[in-house]
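Following: one structure in structure tokens, then a few remarks.
The values are calculated or read from the model by the stated rules, or taken from the named source; none is laboratory data. Small disclaimer: the values here were computed from a predicted structure and weren't measured. In this analysis, Cβ positions are derived from the backbone assuming ideal geometry, glycine residues included, and neighbour counts consider all displayed protein chains.
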Amino acid sequence: MNWWMEKPYRMVQNNLRDIDGAMDVDYEVDMLKKLGANVVQVGCGGISAYGPSQLACQRPTPYLQGDKFGEIVEKCHAAGIRVIARFDISKVHKDYLQTNPDWFTRRADGDPAYFEDCAAVCVNGAYQQERILDVLREAMTNYSLDGIFFNIPGYPTTDYDGNYVGICQCENCKRRFYEWSGGMTLPTVEDDRDPAYRKYEEFKVYTVADMLHRVRSLVKSIVPNVPLSTYSDDGIDIIRCEAQSAIRSKHFWLYSGSEDSAAIKTTFPDKVPSNCAINAVDIPYRFMGVSTWLNQIRLYQNAAVGGNLDWCIVGAFEDYPDRANFEGVSEAFHLHARHEELFAKLQSTARVLLVNPRPFYQFSTNLMYNEREYRGIVHMLKERHIPFDTVILSALEDFASRLNDYDVIVLPDLPRAPGPKLRQALLATTASVIGTGHTLHEDPQLLEQLFGVRIREKIEPVAASYLLTEPKEVFRSFPARDWVFLHMDSYRLELTDADGYLPLVGAAPYGPPERAHGHVLTDDRMAAVKGGKNLYLPWMAGTLYYDLGYEDHKDIFCDLLDKVRPIKQPLTTDAPGCVDIFLHSVGRDEYLIQLINLSGFNGVTIAKPLPMENIHLTLTGKHPQTLELLTADGFENQPVTGDAVTLRCPGCYAGYRVTCK
């Protein structure tokens with residue numbers, strides 16, 4: 001078995017600066033050992049080379065002392081640390097515009113996409129098509145590499161400052177798209193309603209995959225057991241993603257450390273995720289780290305789903321100005337190292353499958369999608385302690401044969417028509433299918449076959465409309481609240497073969513208070529259940545919960561879920577929703593229960609969590625015999641009395657191995 005598939009690793013990425021061509025490698029290796037890393041990903045070539053190069057297409061950093069990358073490889077290997085070579089092929093120095101203008105991305109006005117003294121290069125130019133093969137050939141000839149990582153191959157439409165660059169309009173893109181599409185003109189505007197733009201989205205995926213496959217062919221012909229890694233899946237062995245923050249973002253995604261890794265493991269069982277916990281608060285502020293607690297949460301979230309631990313700083317350790325997170329990284333890495341064999345055995349116990357609509361590789365496709373709907377439903381399931389798997393939408397067609405492994409499949413605001421294989425699988429599956437928002441709006445035939453409904457008109461105005469939570473035997477969470485507000489895109493349904501729930505209370509004046517009356521109970525139903533099995537909500541339950549946080553929308557969703565398909569829950573617990581619980585099988589009658597304590601999150605800040613004590617958890621149909629707490633030194637026996645185990649999580653993380661009869 002290849003080394004990256006055997007068991008999860010612990011990696012530090014040093015994104016080297018030019019000045020790190022003079023770094024102290026002995027100090028670097030010593031820090032990696034102290035942290036507990038067994039893999040390092042470090043700059044080799046691309047924008048700057050960190051060793052001598054005979055190639056005209058790349059320049060060694062002007063600060064280079066000797067062969068710095070060669071020294072890193074030699075000393076890391078002597079310390080038992082593998083080295084993945086990092087190549088940034090997204091940009092080159094702007095001087096190359098004079099000799100190789102065809103390499104570069106072009107804005108609509110024909111100008112290159114500059115940033116500092118560099119300019120972005122295009123997937124369809126000779127640099128990414130040909131020169132990068134020369135760079136790799138030289139590196140693999142000069143060094144014994146344990147892996148190869150590419151940074152940002154693809155079609156980014158913004159720069160580091162978030163400025164819009166747009167669709168590349170270089171002559172290579174125009175020509176290749178024209179030939180590939182059968183005569184279409186390259187679009188200039190990102191418009192999902194434009195057939196040419198939709199075709200261009202397919203073109204981007206194809207061209208990136210084509211480039212990566214040619215790279216793979218070269219690499220495997222020279223060193224067959226070297227893995228390729230980047231932010232894509234096609235032709236890649238280690239799929240990279242990032243758990244990061246951005247000061248420009250309005251929303252903070254609390255589950256970024258686990259959800260991408262979990263989706264990769266479910267979707268691509270022949271590959272591994274490497275979800276990098278970015279230490280920096282944002283790209284412009286690379287030298288201050290995020291909260292100590294957030295940093296640890298991200299690492300433990302990756303461990304909790306069986307992913308690799310991956311942590312990144314910019315520069316070398318010797319002059320990095322923020323050491324506040326070093327101790328937390330070391331703690332997580334050393335616990336993981338002690339139990340790496342256990343983390344390698346995690347098997348899902350989930351009976352729910354949630355589709356992740358995000359285009360997995362953000363630099364290959366930009367089609368409009370509502371990630372908030374997905375994220376809101378993630379929050380709902382996490383807070384109700386309902387284990388679930390996630391699968392990436394772009395690979396769902398290939399996943400179709402596995403739908404019957406689940407009791408419930410959730411399609412969160414997915415308007416597009418599926419391919420033929422997935423279409424048939426959705427109609428044939430024994431699982432209950434739940435659709436929300438605009439799901440299947442572009443395939444009205446399948447919408448009616450699955451859910452027994454037709455979409456009528458959009459509800460306008462929606463402000464001051466409500467959902468009537470009746471009958472109460474279904475909506476058990478609402479004994480004293482009859483109306484729940486409706487907001488955002490919502491549609492009227494024609495029920496052709498479904499039972500209707502949630503009567504719509506129509507809009508009425510809401511001001512001034514003296515005029516706030518006149519609401520009428522309509523004949524419209526805002527939930528449809530077909531055959532007691534499939535559920536359709538023509539409104540944004542997940543988005544409302546993610547954006548606004550009213551538990552009522554979560555409770556409606558979960559009450560209806562209980563109505564159509566009560567989940568065969570593998571566990572029951574009295575833990576609060578701020579404790580994220582992971583349950584995996586790790587052997588016959590053996591389970592790993594992991595708790596991640598999110599109580600320090602107040603909506604903006606991640607602070608020190610409150611100690612969680614006396615959490616009771618029962619494994620359905622199981623009788624625990626032993627309970628052991630994972631520690632950096634091994635296992636610590638815990639008392640077992642009855643079928644409910646008692647757990648505690650005083651910090652960010654606690655893991656327990658349970659054996660049952």
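Scanning for something farther than 28 Å from MET1 by Cα, at pLDDT below 95, outside the structural domain of GLN41 (by TED's automatic domain parsing) and surrounded by 21 or more Cβ atoms within 10 Å (Cβ to Cβ), does the range 205-214 turn up at least one residue? Reasoning before the result, please.
Initial filter on the range 205-214 (farther than 28 Å from MET1 by Cα): 205-207.
Right, trim to at pLDDT below 95 and you get 205-207.
Still in the list and also outside the structural domain of GLN41 (by TED's automatic domain parsing): 205-207.
Next, from what is left, pick out any that are surrounded by 21 or more Cβ atoms within 10 Å (Cβ to Cβ): 207.
Yes, the conditions are met somewhere in the range 205-214.
Being touching a residue at least 12 places away in the same chain (Cβ under 8 Å) and surrounded by fewer than 22 Cβ atoms within 10 Å (Cβ to Cβ) is the filter; apply it to the range 193-202 and report the residue that is farthest from LEU393 (Cα to Cα). Outline the logic, then answer.
Going through the range 193-202, the residues touching a residue at least 12 places away in the same chain (Cβ under 8 Å) turn out to be 196, 198-201.
Checking the rest, the ones that are also surrounded by fewer than 22 Cβ atoms within 10 Å (Cβ to Cβ) come to 196, 198-199, 201.
On the way: ALA196: 21, ARG198: 16, LYS199: 18, GLU201: 15 Å.
Filtering the range 193-202 for residues that are touching a residue at least 12 places away in the same chain (Cβ under 8 Å) and surrounded by fewer than 22 Cβ atoms within 10 Å (Cβ to Cβ), the one farthest from LEU393 (Cα to Cα) comes out as ALA196.
Yes/no per residue for (1) in contact with an Asp or Glu (Cβ under 6 Å, 6 or more places away or on another chain); (2) without any contact (Cβ under 8 Å) to a residue 60 or more places away in the chain:
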residue	(1), (2)
ARG456	yes, yes
PRO471	no, yes
LEU495	no, yes
GLY511	no, yes
ARG515	no, yes
GLY518	no, yes
GLY542	yes, no
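With the checklist (1) out of contact with any His (no Cβ under 6 Å at 6 or more places or on another chain); (2) modelled with pLDDT of 95 or more; (3) surrounded by fewer than 19 Cβ atoms within 10 Å (Cβ to Cβ) in hand, flag the one item ASP574 doesn't pass.
The failed condition is (1).
Considering only residues that are over 22 Å from LEU254 (Cβ atoms) and among the acidic types (Asp, Glu), look in the range 569-592 and name the one that is nearest to the chain's Cα centre (by Cα).
Selected residue: GLU590.
Would you kindly identify the helices (runs of 4 or more DSSP H) lying entirely within the range 81-196 that contain at least 2 residues that are of a type in the set (Phe, Trp, Tyr)?
Values: elements: 96-99, 132-142, 171-181.
Filter on the range 81-196 gives 171-181.
When the range 60-117 is examined, which residues are found to be in contact with a His (Cβ under 9 Å, 6 or more places away or on another chain) and either small (Gly, Ala, Ser) or farther than 17 Å from ASN151 by Cα (or both)?
To start, the set of residues in the range 60-117 that are in contact with a His (Cβ under 9 Å, 6 or more places away or on another chain) comprises 83, 117.
Answer for the range 60-117, where residues must be in contact with a His (Cβ under 9 Å, 6 or more places away or on another chain) and either small (Gly, Ala, Ser) or farther than 17 Å from ASN151 by Cα (or both): just ASP117.
Determine which member of the set ILE283, ILE297, ILE247, ILE236 is at pLDDT 95 or above and of a type in the set (Val, Ile, Thr).
Details: ILE283 fails: at pLDDT 95 or above; ILE247 fails: at pLDDT 95 or above; ILE236 fails: at pLDDT 95 or above.
The unique qualifying residue is ILE297.
Which of the following residues is on the phi > 0 side of the Ramachandran plot and either outside any loop (DSSP other than H, G, I, E, B) or not assigned by TED's automatic domain parsing to the domain that holds LEU447 (or both): LEU502, LEU467, LEU493? Before the answer, list the steps.
On the way: LEU467 fails: on the phi > 0 side of the Ramachandran plot; LEU493 fails: on the phi > 0 side of the Ramachandran plot.
Within the list LEU502, LEU467, LEU493, the selection yields LEU502.
Of everything in the range 24-78 that's outside any loop (DSSP other than H, G, I, E, B) and among the β-branched types (Val, Ile, Thr), which residue is surrounded by the fewest Cβ atoms within 10 Å (Cβ to Cβ)? Spell out how you get there, then give the answer.
Step one: of the range 24-78, the residues outside any loop (DSSP other than H, G, I, E, B) are 25-35, 39-46, 49, 60, 68-78.
If we keep only those that are among the β-branched types (Val, Ile, Thr) as well, we get 25, 29, 39-40, 42, 72-73.
Details: VAL25: 20, VAL29: 22, VAL39: 23, VAL40: 23, VAL42: 26, ILE72: 26, VAL73: 25.
Only one residue tops the list, namely VAL25.
Could you go through the range 403-422 and let me know if any residue there is crowded, with 20+ Cβ neighbours inside 10 Å, on the phi > 0 side of the Ramachandran plot and acidic (Asp, Glu).
Here is the first cut: in the range 403-422, the ones crowded, with 20+ Cβ neighbours inside 10 Å are 406, 408-414, 418.
Within this subset, residues satisfying the condition of being on the phi > 0 side of the Ramachandran plot are 413.
When the remaining residues are screened for being acidic (Asp, Glu), the result is 413.
Within the range 403-422, one or more residues are crowded, with 20+ Cβ neighbours inside 10 Å, on the phi > 0 side of the Ramachandran plot and acidic (Asp, Glu).
Of all the residues that make up the range 144-187, how many are aliphatic (A, V, I, L, M) and either surrounded by fewer than 19 Cβ atoms within 10 Å (Cβ to Cβ) or without any contact (Cβ under 8 Å) to a residue 40 or more places away in the chain (or both)? Lay out the reasoning, then the answer.
Step one: of the range 144-187, the residues aliphatic (A, V, I, L, M) are 145, 148, 152, 165, 167, 184, 186.
Pick out the ones that are also either surrounded by fewer than 19 Cβ atoms within 10 Å (Cβ to Cβ) or without any contact (Cβ under 8 Å) to a residue 40 or more places away in the chain (or both) and you get 152, 184, 186.
Result for the range 144-187: 3.
So, ASP260, is that one part of a loop (DSSP other than H, G, I, E, B), out of contact with any His (no Cβ under 8 Å at 6 or more places or on another chain) and either under 22 Å from ALA395 (Cβ atoms) or modelled with pLDDT of 95 or more (or both) or not? Talk me through it step by step, then tell me what you get.
Numbers: part of a loop (DSSP other than H, G, I, E, B): no; out of contact with any His (no Cβ under 8 Å at 6 or more places or on another chain): yes; either under 22 Å from ALA395 (Cβ atoms) or modelled with pLDDT of 95 or more (or both): yes.
Answer is no for this residue.
Conditions tested, residue by residue: (1) farther than 23 Å from ALA417 by Cα; (2) modelled with pLDDT of 95 or more; (3) surrounded by 16 or more Cβ atoms within 10 Å (Cβ to Cβ); (4) more than 32 Å from the chain's Cα centre (by Cα).
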site: PRO444; (1), (2), (3), (4): no, yes, no, no
site: LEU447; (1), (2), (3), (4): no, yes, yes, no
site: PHE451; (1), (2), (3), (4): no, yes, yes, no
site: ARG456; (1), (2), (3), (4): no, yes, no, yes
site: PRO471; (1), (2), (3), (4): yes, no, no, yes
site: ARG476; (1), (2), (3), (4): yes, yes, no, yes
site: GLU494; (1), (2), (3), (4): no, yes, no, yes
site: ASP497; (1), (2), (3), (4): no, yes, no, yes
site: ALA507; (1), (2), (3), (4): yes, yes, yes, yes
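Counting only residues that are within 34 Å of the chain's Cα centre (by Cα) and either small (Gly, Ala, Ser) or under 20 Å from GLU371 (Cα atoms) (or both), which one in the range 511-530 is surrounded by the fewest Cβ atoms within 10 Å (Cβ to Cβ)?
This residue is ALA528.
Quick check on the range 554-563. Is at least one of its residues under 26 Å from CYS652 (Cβ atoms), modelled with pLDDT of 95 or more, of a type outside the set (Asp, Glu) and in a helix (DSSP H, G or I)? Even if it seems obvious, please write down each step before you answer.
Applying the first criterion (under 26 Å from CYS652 (Cβ atoms)) to the range 554-563 yields 554.
Cutting the leftovers down to modelled with pLDDT of 95 or more gives us 554.
Filter again for of a type outside the set (Asp, Glu), leaving 554.
Retained after the next criterion (residues that are in a helix (DSSP H, G or I)): 554.
Yes, the range 554-563 contains a residue that is under 26 Å from CYS652 (Cβ atoms), modelled with pLDDT of 95 or more, of a type outside the set (Asp, Glu) and in a helix (DSSP H, G or I).
Could you tell me whether any residue of the range 507-520 is of a type in the set (Phe, Trp, Tyr) and not in a loop (DSSP other than H, G, I, E, B)? Working first, answer last.
The first filter runs over the range 507-520 and keeps only residues of a type in the set (Phe, Trp, Tyr), leaving 510.
The next check asks that each one be not in a loop (DSSP other than H, G, I, E, B); those that pass are none.
Among the residues of the range 507-520, not one is of a type in the set (Phe, Trp, Tyr) and not in a loop (DSSP other than H, G, I, E, B), which makes the answer no.
Within the range 601-618, does at least one residue satisfy the condition of being modelled with pLDDT of 95 or more, basic (Lys, Arg) and outside any strand (DSSP E or B)?
yes
I'd like the full set of residues that are touching a strand residue (DSSP E or B) at 6+ places or on another chain (Cβ under 9 Å), over 25 Å from ASP398 (Cα atoms) and in contact (Cβ under 8 Å) with a residue 40 or more places away in the chain, limited to the range 231-256.
Of everything in the range 231-256, those that are touching a strand residue (DSSP E or B) at 6+ places or on another chain (Cβ under 9 Å), over 25 Å from ASP398 (Cα atoms) and in contact (Cβ under 8 Å) with a residue 40 or more places away in the chain turn out to be ALA243, SER245, ARG248, PHE252, TRP253, LEU254, TYR255.
Among what's in the range 137-157 and is polar (S, T, N, Q) and at pLDDT 95 or above, pick the residue that is nearest to the chain's Cα centre (by Cα). Break it down into steps so the answer makes sense when it comes.
Of all residues in the range 137-157, those polar (S, T, N, Q) come to 141-142, 144, 151, 157.
Applying the additional criterion that residues be at pLDDT 95 or above yields 141-142, 144.
Values: THR141: 35, ASN142: 35, SER144: 31 Å.
Step by step, filter the range 137-157, then rank; the result is SER144.
If you go through the range 229-250, how many residues are of a type in the set (A, V, I, L, M) and either surrounded by fewer than 21 Cβ atoms within 10 Å (Cβ to Cβ) or in a loop (DSSP other than H, G, I, E, B) (or both)? Even if it seems obvious, please write down each step before you answer.
Residues of the range 229-250 of a type in the set (A, V, I, L, M): 236, 238-239, 243, 246-247.
Those still in the list that are either surrounded by fewer than 21 Cβ atoms within 10 Å (Cβ to Cβ) or in a loop (DSSP other than H, G, I, E, B) (or both) too: 236, 246-247.
Counting residues in the range 229-250 that are of a type in the set (A, V, I, L, M) and either surrounded by fewer than 21 Cβ atoms within 10 Å (Cβ to Cβ) or in a loop (DSSP other than H, G, I, E, B) (or both) gives 3.
Among the numbered criteria (1) of a type outside the set (S, T, N, Q); (2) at pLDDT below 95; (3) touching a Ser or Thr at 6+ places or on another chain (Cβ under 6 Å); (4) surrounded by fewer than 20 Cβ atoms within 10 Å (Cβ to Cβ), which one does GLY642 miss?
Just one mismatch for GLY642, condition (3).
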